[in-house]
Amino acid sequence: MTVSDAAGAETPSAAMSFVAIARRALAEGDHASVSDAELEAVLTAAVKLYAARAEWRQELPPPLTESDVSPTEVVVAASEMIRVVDLNPFDLSMWYRRAR
């Protein structure tokens with residue numbers, strides 16, 4: 001996605017700029033170029049926007065591009081998110097079984 005400025009020049013949106021920064025960091029093996037605080041802020045905002053959009057649409061949009069992430073990467077991130085908000089497997093099973 002791009003954003004046009006007053007002169008009509010297109011620049012990447014802030015979200016796509018972050019995607020480019022993250023992809024470059026991964027390609028270069030530079031896992032520290034985005035600070036923990038920045039990554040936490042981006043993930044928090046993305047999760048909140050995803051949940052709000054799902055509620056608004058009454059459906060769950062695809063949260064990831066399946067071919068771009070591994071099952072291990074998903075489990076690492078999801079497991080830590082579940083720990084941070086103090087959910088347990090029972091809580092998770094109730095949400096997992098809810099109607100889509």
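For residues that are more than 15 Å from the chain's Cα centre (by Cα), β-branched (Val, Ile, Thr) and not in a helix (DSSP H, G or I), tally how many sit in region 56-80.
Residues in region 56-80 being more than 15 Å from the chain's Cα centre (by Cα), β-branched (Val, Ile, Thr) and not in a helix (DSSP H, G or I): 0 in total.
Quick one: which of Val75, Val47 is in the same structural domain as Tyr96 (by TED's automatic domain parsing) and of a type in the set (A, V, I, L, M)?
Val75
What number of residues within region 28-44 are of a type in the set (S, T, N, Q) and not in a helix (DSSP H, G or I)?
Adding up the residues that qualify gives 2.
What pairs come out if I take residues in region 57-76 that are closer than 24 Å to Pro89 by Cα and pair them with residues that are outside any helix (DSSP H, G or I) whose C-beta lies under 9 Å away, six or more apart or interchain?
If the second residue must be outside any helix (DSSP H, G or I), the pairs left are Glu59/Arg100; Leu60/Arg100; Val74/Leu64.
From the list Arg53, Arg83, which residue is basic (Lys, Arg), within 17 Å of Ala15 (Cα to Cα) and in a helix (DSSP H, G or I)?
The unique qualifying residue is Arg53.
Go through Ser70, Ser33, Ser79 for me and flag whichever is among the hydroxyl-bearing types (Ser, Thr, Tyr) and touching a helix residue (DSSP H, G or I) at 6+ places or on another chain (Cβ under 6 Å).
Ser33
Give region 67-100 a look and list any residue that's of a type in the set (D, E, K, R) and exposed (fewer than 10 other Cβ atoms within 10 Å of the Cβ), or say none. Explain how you work it out, then say what you get.
Just the residues of region 67-100 that are of a type in the set (D, E, K, R), to begin with: 68, 73, 80, 83, 86, 91, 97-98, 100.
Once the filter is applied, which keeps residues that are of a type in the set (D, E, K, R) and exposed (fewer than 10 other Cβ atoms within 10 Å of the Cβ), region 67-100 yields Asp68, Asp86, Arg97, Arg98, Arg100.
Out of everything in region 18-55 that is under 13 Å from the mean Cα position of the chain (by Cα) and of a type in the set (Ser, Thr, Tyr), what residue ends up being farthest from Tyr96 (Cα to Cα)?
Thr44
The values are calculated or read from the model by the stated rules, or taken from the named source; none is laboratory data. Owing to the predicted nature of the structure, the values given are computational and were not obtained by experimental measurement. Heads up, the Cβs are rebuilt from the backbone with ideal geometry, glycines too, and the neighbour counts pull from every protein chain shown.
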